[in-house]
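Here's the structure we're looking at; comments come further down.
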């Protein structure tokens, strides 16, 4: 038998011979969060002996300890509805009015786990793993201050951050490919409102690296401190009650699994032979710095302005199975998925259902002695469909979910007349993506004709963007015109985070490597650019355009996309590289540019960090520290 | 590579924060993501305590709390709001804290201690001249620890007039304290030392339902974890243990920490 542990970030294994376990379980779940709780519950209901280990002092994870108690994406269906229903019966009678009050919900979850026979152990963390020929046989756990060795036939890493996988040396990547950054994390405060109900608000708090203990701790403290700056206990507004004891991390490592779900699979709605569960969400990536995101994600979010289209996402069974291991699964948002996909499969309700479906699958695997991908799939489907957790809304493939939760289905366009109609308005996103699906040869002539329609300004400009999206450079003169006439004008496809057309044009010019746009982009880098009226139109937060307090998003987007476009163009045109490099370096020589983006001067604040990251990007481009 | 610090404080208690604010070469090791668990994390009530110690040692901290509006003229502390205020203080003073960090083992040596700490990045070894355990459960040596009692607290606002009597009728041992604001109450529910959290939470729920069947009083929030009162331990001389029940309030605990650190050696940086 081998023993695996993690020493200062490096996995180490040693041959140790036989081990006498103090107890044996069918399944050990490490992390009783959103997915882990329902995995443990379902597996116990399906007949396994289950041990649940949680480092905190309650189960439920982000929806309970993290107090992200509401829902905005993800399907209903499955065991969690029973939990919510029971918890909410006590709201207004025992607990103050607050949807899914965390104290109400944790009590119900705990009682359900215990009734199902799950051993619930808080203040418990897995510190080592035993395996025989890559088959998990047990764990070493620190529980209530004592170290114990416990045997198991199956182990679920439900820590959300792959902390158990890392013990085994399972490799993973973290963050986006360009700079390794992950999405902003959040700190939640709960308060009592003047109307007597409880409320909550979350502070999106910049970058975090949960795998570096000192920097992680500083980020958490910084984020939790930020609530002290908002005027505590203003009696007219709120009575501060508590901070969520668990910080909200949206993204961690992804690993190599037996199957992999990519962003392309999601956006092109790929079918999946052995689906574990269907999630339902948009690519809910937080953060304003999408100038540094990957190409496909930028095309979807920026160039097509479709960030809030929600999809049915089929998560394959093998996406929870680390490649080459037996008796092991990662049942949480830490999955074998491509970049950005984890943003779409981390919603509370989908995590509950993923946990439940995984618990059923693991029980079948343990009882049959097979691997997860080899279980009797028709029998699995029958079981999860009966539970209602597999795919509760068969007909919903894609659509816009409104602020009120209403669903508007989206159908991709095939009729060029409808494409033209939508390109004439301020919601052209579906038409853009439909052109992409139809392909350039099918739409090029029509789009070129539309681009010549000077009497219909919107159609002309949007047809140019559509052509730009398809990589046809006949649109460049019009795109340059959009950049030169830049403004705060933005599309309205989405309920939030819409894109400005001039930012899209900058992005596309950059992607074309267009040297002719360089003089105009260099103007954007200059301090006097900030004097334009367009950067001072929004004085209050705007959800539609993702404008937040203390952050000039209109200026930041133009500046950040101009920087990235210039760097891309410079790589393609060595003759102007030095000129661009000098201008980029000059743009961030002092902190003045940060002051134009945010009034927040605290170096650890999220706004400051995002602004300062522009300098890091330019430094990387120039190959030197600035 | 082993990290080296002057002192390690186990538990991010107010004592530990006071100590490290005075002795910059020290490091706090905390299992949770919460600072000040000993009072605001468990919602432990605090009476007037700010006058309990000398002005010199806690003046800066008291000024900070007063500036944030969480310390009244009479010396009462707004316990719930401390959650964010204590983070702001730790940030301002650049106090080094390791969160999500569990002590695996502690070995006493001639020149101090060698600690094995489990973090999100695995096991790290830290050497320190001094080790002070401020956790209620004495994580540095739990063997033979006797947990005398455990408590859960509930915060409520504007309950029914006969609220204390009705709760006492179903849970005679519960105790009541006034909250920071008018009409706020903190109820303390006692349990025996062997109680588990799910059982205790269910008991509070059952008592509350019986006392207020029509929702005449509502719980705003409950302590995240038990407030533990423990004594004992196998090796009393192993390292200093400062359980939080020694202090009546967070300012007193902070001040005690400052006093304990007085005259400590030169700064050094924790390496992790």
If we keep only residues of segment A:96-112 that are within 11 Å of chain B (Cβ to nearest Cβ) and not in a helix (DSSP H, G or I), then the residue surrounded by the most Cβ atoms within 10 Å (Cβ to Cβ) is A:101
- Determine if segment B:31-39 includes at least one residue that is crowded, with 24+ Cβ neighbours inside 10 Å, in contact with a strand residue (DSSP E or B) (Cβ under 6 Å, 6 or more places away or on another chain) and modelled with pLDDT of 95 or more. yes
*Would you check if there is a residue in segment A:453-460 being within 23 Å of residue A:584 (Cα to Cα) and surrounded by fewer than 14 Cβ atoms within 10 Å (Cβ to Cβ)?*
no
Of the residues in segment A:6-36, those that are part of a strand (DSSP E or B), surrounded by 14 or more Cβ atoms within 10 Å (Cβ to Cβ) and more than 14 Å from chain B (Cβ to nearest Cβ) come to A:23, A:24, A:25, A:26, A:27, A:28, A:29
Going through segment A:574-604 in order, the residues found to be farther than 22 Å from residue A:535 by Cα and surrounded by fewer than 21 Cβ atoms within 10 Å (Cβ to Cβ) are A:574, A:575, A:576, A:577, A:578, A:579, A:581, A:582, A:585, A:602, A:603, A:604
Q) When you look at residue A:145, is it within 30 Å of residue B:146 (Cβ to Cβ) and over 28 Å from the mean Cα position of the chain (by Cα), yes or no? A) yes
**Message:** Going by what's in this entry, would residue A:50 be described as more than 12 Å from chain B (Cβ to nearest Cβ), over 30 Å from residue A:402 (Cα atoms) and at pLDDT 95 or above?
**Reply:** yes
The correct count of residues that are within 12 Å of another protein chain (Cβ to nearest Cβ) and modelled with pLDDT of 90 or more in segment B:42-65 is 2
Counting only residues that are under 17 Å from the mean Cα position of the chain (by Cα), at the interface with another protein chain (Cβ under 9 Å from one of its Cβ atoms) and modelled with pLDDT under 95, segment B:97-145 contains a total of 3
Verdict on residue A:252 being modelled with pLDDT under 90, closer than 17 Å to residue A:346 by Cα, crowded, with 17+ Cβ neighbours inside 10 Å and within 14 Å of another protein chain (Cβ to nearest Cβ) = yes
Taking segment A:70-107 and keeping residues under 15 Å from residue B:201 (Cβ atoms) and under 28 Å from the mean Cα position of the chain (by Cα) leaves A:83, A:87, A:101, A:102, A:103, A:104, A:105, A:106
Among A:408, A:414, the single one that is touching a strand residue (DSSP E or B) at 6+ places or on another chain (Cβ under 6 Å) and either outside the structural domain of residue A:348 (by TED's automatic domain parsing) or in a loop (DSSP other than H, G, I, E, B) (or both) is A:408
- Query: Are any of the residues in segment B:97-106 in contact (Cβ under 8 Å) with a residue 60 or more places away in the chain, under 30 Å from residue B:178 (Cα atoms), in contact with a helix residue (DSSP H, G or I) (Cβ under 8 Å, 6 or more places away or on another chain) and not in a loop (DSSP other than H, G, I, E, B)?
  - Reply: no
Within segment A:497-513, residues touching a strand residue (DSSP E or B) at 6+ places or on another chain (Cβ under 8 Å) and assigned to a helix (DSSP H, G or I) come out as A:501
(1) within 12 Å of chain A (Cβ to nearest Cβ); (2) under 30 Å from residue B:132 (Cα atoms) all hold for residue B:235 apart from (1)
Scanning segment A:207-229 residue by residue, the ones that are surrounded by fewer than 24 Cβ atoms within 10 Å (Cβ to Cβ), more than 9 Å from chain B (Cβ to nearest Cβ) and outside any helix (DSSP H, G or I) total 2
Check: Would it be correct to say that residue A:354 is buried (at least 24 other Cβ atoms within 10 Å of the Cβ) and in a loop (DSSP other than H, G, I, E, B)?
Finding: no
Note: among B:187, B:204, just one is in a helix (DSSP H, G or I) and surrounded by 21 or more Cβ atoms within 10 Å (Cβ to Cβ), namely B:204
Notebook entry, point to check: Would you say residue A:66 is out of contact with any helix residue (DSSP H, G or I) (no Cβ under 8 Å at 6 or more places or on another chain), assigned by TED's automatic domain parsing to the domain that holds residue A:362 and not in a strand (DSSP E or B)?
Noted result: yes
A careful count of residues in segment B:200-230 that are free of Cβ contacts under 8 Å to residues at least 40 places away in the same chain and more than 9 Å from every other protein chain (Cβ to nearest Cβ) gives 2
Practice item. State whether one or more residues within segment B:157-177 are within 8 Å of another protein chain (Cβ to nearest Cβ) and in a strand (DSSP E or B). Key: yes
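Per-residue answers, yes or no, for (1) at the interface with chain B (Cβ under 8 Å from one of its Cβ atoms); (2) surrounded by fewer than 24 Cβ atoms within 10 Å (Cβ to Cβ); (3) closer than 26 Å to residue A:285 by Cα:
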| position | (1), (2), (3) |
| --- | --- |
| A:57 | yes, yes, no |
| A:76 | no, yes, yes |
| A:85 | no, yes, no |
| A:90 | yes, yes, no |
| A:94 | yes, no, no |
| A:114 | yes, yes, no |
| A:122 | yes, yes, no |
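The values are calculated or read from the model by the stated rules, or taken from the named source; none is laboratory data. Treat the numbers as computed from the prediction; the structure is a model and nothing was measured. Positions of Cβ are backbone-derived with ideal geometry, glycine not excepted, and every protein chain shown enters the neighbour counts.
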